[in-house]
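What follows is a short report on a single structure.
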Amino acid sequence: MNNTKDKLSIYVHIPFCERKCLYCDFVSYSGMEDKVEAYFDALMYEARFYSTDDPISSVYIGGGTPSCVDSSYIEKLMECLGENFTLEKDCEISIESNPNSLTAEKAKAYFRSGINRISMGVQSVSDDILSRIGRLHTHADTERAVDSIIAAGFDNFNLDLMFSLPGQTLRDFSDALDFATLSGAKHISCYSLTLEEDTPINQLYKDGIYHEDDELDRQMYAMANETLFSRGFYRYEISNFARMGYECRHNLLCWDFQDYLGLGVAAHSFFGDTRFVNTASVDDYIKHVYEHTHDQVVMEESPEELRGDYLMLALRKTTGINTEDFMARFGEDFNEKYRDITEGFIEDGLLFRNGPYVALTEKGFDFANVVMREYI
Ligand code: SF4
């Protein structure tokens, strides 16, 4: 593979949450307050180990719930990253948060430490729905937290919303979109509830307590797209909408197949054609990261796998697959290699060409998984 990678970003995983939400299958744990200090020590050791002069375009502190730990840990982490990496002058530095734990003091501390973007998991503005999916916060918490974000000086913040939630009506979702678009957020993510195996909410659906409704799901997605577009947010990826110039750089770098370094439990890294992922165990990480004997899976991808990953990520973006970039990276002509598949989807109205790009149509977004499967 030719290397057209020229950007490096960092992802830091904070695996702690106050309580597990009913739909969550992320690597996050509750009841580990006594391990926070040792975890941050291990995390900063790992950051120092990977110290580099290569310029860093974005840092993303995700989780879990980074806002549930004392802000002094985040401040120390930021100091450590600043000392061990060359953050570009306009480096985007994001942190994830939840409304019940993001206090005014924490928002101010984040801003002081150099973080310039907050992403907050709002999900819904209905207290009934929030409690049905096991969230700890109420809408009053969300309102308070948004005020704190703005008062701390953040111009750039994202709100995450969810749709297809149990008992959620079009009206409920429309209320959430109203709140988000009027909040001052520059970026809004809208995710449909995914029923993951082994989550309590999946069991509730299996038991017939709740029922899936694909038609309502598509109606809600269409509503998000239309409402957000009419209010100045454009969709740049299946689930992500932003005011022009406020697209999440961290996301874009991942979808553009750039290298990234993952620090912390379960963090993924991607360099050249190699991916590696850290242990999902907090204990293993804390004990063994210092000797590099923690469980770490290294996966060298075949050219075929890399092409599949590249195409899947590119199709998520509204700009789609850049066939010239594909040629530069893989030395192959996309149009020749995938002629039959591409022409078939164009005929079905699921893909279209735009200069050197091949992208999903509006109808194609509803069948994105079907299209992606064919290219993998
Ligand atoms: S706050 Fe986020 S990471 Fe934590 S349990 Fe809920 S969904 Fe999972």
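Worth a mention:
- Residue check for His211: in the same structural domain as Gly63 (by TED's automatic domain parsing) and free of Cβ contacts under 8 Å to residues at least 24 places away in the same chain: yes
- Subset of the range 336-376 (residues that are open to solvent by 30 Å² or more (accessible area, probe 1.4 Å), of a type in the set (Val, Ile, Thr) and assigned to a helix (DSSP H, G or I)): Ile341, Ile346, Val370
- Looking only at the range 114-133, and only at residues there that are among the polar types (S, T, N, Q) and surrounded by 20 or more Cβ atoms within 10 Å (Cβ to Cβ), the one that is nearest to Met78 (Cα to Cα): Ser119
- Candidates Leu216, Leu228, Leu204, filtered to the one that is in the same structural domain as Arg144 (by TED's automatic domain parsing), assigned to a helix (DSSP H, G or I) and open to solvent by less than 30 Å² (accessible area, probe 1.4 Å): Leu228
- Selected residue [under 25 Å from Leu253 (Cβ atoms) and either away from the ligand (no atom under 16 Å from the Cβ) or of a type outside the set (Phe, Trp, Tyr) (or both)] from Glu88, Glu37: Glu88
- Of all residues in the range 86-113, those satisfying the criterion of being of a type in the set (D, E, K, R) and open to solvent by 40 Å² or more (accessible area, probe 1.4 Å) are Glu88, Lys89, Asp90, Glu96, Glu105, Lys108, Arg112.
- Candidates are the residues of the range 50-85 that are open to solvent by less than 10 Å² (accessible area, probe 1.4 Å) and within 16 Å of the ligand (Cβ to nearest atom); the one that is nearest to Leu130 (Cα to Cα) is Thr65.
- For the range 44-76, the tally of residues that are assigned to a helix (DSSP H, G or I) and out of contact with any strand residue (DSSP E or B) (no Cβ under 6 Å at 6 or more places or on another chain) stands at 10.
The values are calculated or read from the model by the stated rules, or taken from the named source; none is laboratory data. Small disclaimer: the values here were computed from a predicted structure and weren't measured. Quick reminder, even Gly has a Cβ in these numbers, built from the backbone with ideal geometry, and neighbours come from all protein chains shown. Side chains included, ligands, DNA and RNA excluded: accessible areas come from the protein's heavy atoms. Shrake-Rupley method; radii C 1.70, N 1.55, O 1.52, S 1.80 Å.
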